[in-house]
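Asks: Got a structure for you, written out below as structure tokens; questions coming shortly.
Nothing in this text is a laboratory measurement; each read-out follows from the coordinates by a stated rule. It should be emphasised that the depicted structure is a prediction, and the values quoted were computed from it without experimental measurement. Heads up, the Cβs are rebuilt from the backbone with ideal geometry, glycines too, and the neighbour counts pull from every protein chain shown.
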């Protein structure tokens, strides 16, 4: 009898451990410690368990759209407004506990989880898959049936494979920055191209540092969580604001991009309203804003929760068109070029830095991976492919157009060529396929524009909606007003500063340097202080110094150029 009792209790412990791990994996580790909060409150109070209770709480939910590859069968599970509740995941886990011997199961579960879960979180990159118990194997069918029932109740984060994670990383990195790399060579000269390679190496290294920060403590899952672990609530809020400002600035770039390329396709378009004359640039910027406004009001964007290779395909297609125009259509190559242009080199620093502005999403990609130990290889593959693409376009574009290279090389391509028209229309789509979208081929270019602007602005809007008093949150009028104000403000800024390359240089110098180089190293030094050797600390200090210098010179140069062009 004793053997049977001990064996049953052992089965309970093993089943609970495996089920906890399974649900933690499906929830993207959203509630590593919340699952056992009712069992051991004292232990939880001593742990950093407030990551999901501080502003912004919606960050993980909104950014997950950029870093998960959902299955079509799970497309419409739940709604974006439903938070990943630790109570739900906890109750769902406990619901699978056998009814027999509850008094034996509960204390064993509490002790095991208090020790095992933190250990698993800290070393998730090195653990082998757990060995299933006998009972967990025999109950596999029943657990799968119960999982299928549960999947209709709450949204469950899907695990991404190596290939899917690489695709996500490339979608984040390979965006509109590729259009300005020839312009960056023009501004900095041929030797300035080495800055792109330096930033690639440094950005890859800081991406690895983010993983170390995520594994340092249980409950850290996003970039704001890292900021809170390093510098407290103020660090979380500061990093969140920087990330949201970067997203907001990207929306401004989208409007400028659409205005430039559509006015290039239809240069004679204009509109006169009440004595006001709108040229093609102003007209298409206004039309873009009006088109996206209704979709920004939407709260449920789950229909766009696919992440596909659209952004990568669009970028490759634009590059192929550039090669076609140069090699097949015989657009002349210019062998001359400046080796080093010190006066405008800081502008190229910002443009090259913008190419690697993906660190805000890397933590979500890491926590969504099926095999986290593959994260370094995923980053290496994504950075390697994107760097080759950036370098090839930069060299080819500058050789083709020389000192006449514009901020987007598509504007230099002859308008009468079919390849040029394909490149222009693909450019219109490219920044919007960088983010999640449906794989329906019937969607028009304008719908891609509208919905992806909404996805990009959604994290900013959701964070501001959290600040609405609870007594007014049920009223949608406040949400509509906030989202409308955001769209109008991006339009006004885009009309006021319609300089695509300079705005990109400003974003890359000020915001991307912070997010990509400075903050990861600062957080790493703060979280792991006393645990790293002097060599690692010296590297981090060196990267921070490089980031500060590059940010200072790049921001000053970009702002000076903007003021000069406005005057």
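Asks: Taking Cα pairs under 8 Å and at least six residues apart, what relative contact order does the range 162-566 come out at, in percent? Kindly include the intermediate steps, with their values, before the conclusion.
Replies: Working: 606 pairs, mean separation 138.8, N = 405.
Once normalised by length, the contact order is 34 percent.
Asks: What ranking, highest mean first, results for peptides 559-567, 486-494 when packing means the other Cβ atoms within 10 Å averaged over each residue?
Replies: For the peptides 559-567, 486-494, the packing ranking is 486-494, 559-567.
Asks: OK, next. Hey, can you rank 182-191, 385-394, 349-358 by average C-beta count inside 10 Å, highest first?
Replies: Taking the mean over residues of other Cβ atoms within 10 Å, the ranking is 349-358, 182-191, 385-394.
Asks: Find how many whole Å separate the alpha carbon centroid of the range 474-491 from the alpha carbon centroid of the range 184-242.
Replies: Answer, in whole Å: 30.
Asks: Ranked by Cβ crowding within 10 angstrom, fewest neighbours first, how are 319, 325, 237 ordered?
Replies: Taking fewest neighbouring Cβ atoms as first place, the list is 237, 319, 325.
Asks: Going by C-beta contacts inside 10 Å, put 176, 331 in order with the fewest on the left. The partial results should precede the final answer.
Replies: Working: 176 23, 331 18.
So the ranking, lowest neighbour count to highest, is 331, 176.
Asks: What is the Cα centroid distance between the range 362-425 and the range 272-294, reported in whole angstrom?
Replies: Taking the Cα centre of the range 272-294 as reference, the centre of the range 362-425 is 30 Å away.
Asks: Show me 365-375, 508-518 ranked by packing, highest mean number of other Cβ atoms within 10 Å first.
Replies: Averaged packing, sorted descending, gives the order 508-518, 365-375.
Asks: By the gyration tensor of its Cα atoms, with a ≥ b ≥ c the square roots of the eigenvalues, what is the shape of the range 162-566: rounded for a/c under 1.5, prolate for a/b over b/c, or oblate?
Replies: oblate
Asks: Give the order of 54, 479 when sorted by the count of other beta carbons within 10 angstrom, beginning with the fewest.
Replies: Going from least to most buried by this count: 54, 479.
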